[in-house]
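Written below as structure tokens is the structure these notes are about.
Just so you know, all these numbers are worked out from the coordinates, no wet-lab data involved. Being a predicted model, the structure only gives us computed values, none of them experimental. In this analysis, Cβ positions are derived from the backbone assuming ideal geometry, glycine residues included, and neighbour counts consider all displayed protein chains.
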């Protein structure tokens, strides 16, 4: 979903992960410029994954994808290292704005 | 210490009126259903701004009223319900009372009964007064002083201490605003030590809608860097960095200074800077440019006749510059129609409720631009046409459903560009005009020949616009339909345009006003008839054609114009102006039109197309109904500007 928006905007999606563990693995392998991450995931959750990724690479750029009502969790994610967030349902313009902000 | 109200009264009036427009617009959006959060937010902010401004001016009654409305809105917001019709009525009444209150305040009144009444009504629907006077509510508005709307924080100023104060206001519709605020604080943290945050960070993190917050930070970063950091958190509408607070201690902080000095959100993401200007000045500029254009023409003529080399070059350059200047001034006078159309949705809503009709109102072509002076003039006729449509055009809901139509009538106000003219159309899907009845009545009053079998749209308009025609008629479906139409037509003519009508019984009616896009300078054809030259504004010109055997034929002894598939009547300009004499051997034809009607106007010569500076006649003059004004041509000679619409007869 977010991937579609990004692809249409011209970004290349180099990998996808189903669980937090996979996410950390793939990050180490692929070293992407940007990661979009759900908060709720099976196995290792999003917040933990952000923490691991940021520990591995302090400059990692992670954009959290959250649903309404997940305030506290998003705050935790930011404290764990996430740089910004977008809220479902995704509005392409907002997603792209957030991506711009994160990529700087 | 209050500021001197007299100095700022005008500014206050303008600013508060703008806020009222915003409020009305949002109220209408709110009434239509859908997401209530955003419109409520907008109204809340606007009320807050008005409150602050009123307090600064010392208009305490007004400020208190605004405060009460604000609190009531807050309760509605938190109540999380869609406001019902009673609430909407109370809110609209409050907006109107505010408007009345604003006027009264600037004229020196201390109280306004309208406000008291509206407030009672609002409280009846929205619950108790704001607890303990102007305090309470979400933000720590402990009270406000006479002078500025300085919001005093609780006794121990949490933001006290040295440092820079950063006030932030978030965009309307921010998702998870508490988290955004948190993110903003984190970003600012990268620049220095954050001393305190208000509302406290824990409150922010869980808050549904902080809207605005303040941060005190010890940093050596510049204001610009601080602002950039805050904005990098996203969804930030306004940032204010108060560097002066760096050394200040223990002073009450105007927490919502950012909210008070609200700037309108940039349209479409593009930030344009504006300057306020006295309208009269723009008019003066226009006049001066107009004269300059005329003088340019003369200079060009003289240079052509007598000039040489360097003078010629300089003149050419000056001519170009003057042309550019004219363009710029004319553009700066152009204003999108929605500036005037903006108040119509509210108007239509009020009229429909008053008359018991259900109307869906659509505005199209909001961005079409008109010369400012034209726009002011066009408003009145449009209001008239709109009211007329709601009153007489659109049927009552029961009648509509009985006729198999949707319950709600559809009223469309549209603006569109057609070459050098602007078409403003008011159309409804109502009952249409009963032609048979009009014909009957028209015959009875001698407006139409007794033998006429039917009325075309042109004659229909002419008849119902006759003063007294419609009101005298006993039958309700005709009564009132034409009232005031003569005024609308007169206004259109005065502006150099015309009005046309289209109507189909059972389906609806459309009135179209055609006006030139600009008032002061009009594009026109310069035509010669004999020794005289006349300006024919392009507003009513369709095209030009050669006079020849392929275009002109004789039918029953009369000359007619054959234009593709049509046969059009032919008029000689020299006959129209009663010049006498015979036409030149070489002639040209200008095809003119008004509404659906077209004619050919024969002139001796078409000299060219030019921008003509219109000098209107000072007073209506008998026998000059053919002309709408005069102008001075390039060689200094005057020329009359023809009112082409009048050539179609019957006004």
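Some points to look at:
- For the pair the range B:368-442 / the range B:1-70, the C-alpha centres are spaced 33 Å from each other.
- For residue B:367 and residue B:328, the FRET efficiency from 1/(1 + (r/R0)^6), where r spans their Cβ atoms and R0 equals 22 Å, is about 0.65.
- Summary of packing: across the peptides B:83-89, B:421-427, B:280-286, the per-residue average of other C-beta atoms within 10 Å ranks them, highest first, as B:421-427, B:83-89, B:280-286.
- The modelled label-to-label distance for the pair residue A:25/residue A:7, using points 7 Å beyond Cα in the direction of Cβ, is 2.2 nm.
- Computed packing ranks the peptides A:47-55, B:235-243 as A:47-55, B:235-243, most packed first, by mean other Cβ atoms within 10 Å.
- Averaged over B:170-180, number of beta-carbon atoms from partner chains that fall within 10 Å: 4
- Ratio Rg/Rh, restricted to the range B:5-126 and using Cα atoms, in which Rh is the Kirkwood radius: 0.96
- For chain A, the spread of Cα positions along the three principal axes, ordered from largest to smallest, is 31, 29, 25 Å.
- Residue among A:38, A:57, A:84 with the largest mean-square fluctuation in a Gaussian network model of chain A, springs linking Cα atoms under 10 Å: A:57
- Packing-based ranking of B:290-303, B:497-510 yields B:497-510, B:290-303, ordered from highest to lowest mean Cβ neighbour count within 10 Å.
- The length gained by stretching the chain between residue B:291 and residue B:37 to full extension, at 0.36 nm per residue less their Cα-Cα distance, is 86.2 nm.
- Relative contact order of the range A:2-103, taken over Cα pairs closer than 8 Å and 6 or more residues apart, is 25 percent.
- Highest-MSF residue in chain A out of A:46, A:59, A:20 [GNM, Cα springs under 10 Å]: A:59
- Modelled FRET efficiency - R0 51 Å, residue B:402 with residue A:33, Cβ distances, 0.05 increments: 0.20
- Percent RCO, i.e. relative contact order, over the range B:338-516, from Cα pairs under 8 Å lying at least 6 residues apart: 23
- Expressed in Å, the radius of gyration and Dmax of the Cα atoms of the range B:279-336 are 13.6, 45.
- The gain in end-to-end length when the residue B:360 to residue B:420 segment is fully stretched comes to 18.5 nm, 0.36 nm per residue minus the alpha carbon separation.
- Shape category assigned to the range B:338-516 from the gyration tensor of Cα positions, a/c cut at 1.5: oblate
- Label-point separation in nm, residue B:546 to residue B:107, each point 7 Å along Cα→Cβ: 6.7
- Taking the Cα atoms of the range B:521-648, the ratio Rg/Rh between the radius of gyration and the Kirkwood radius comes to 0.96.
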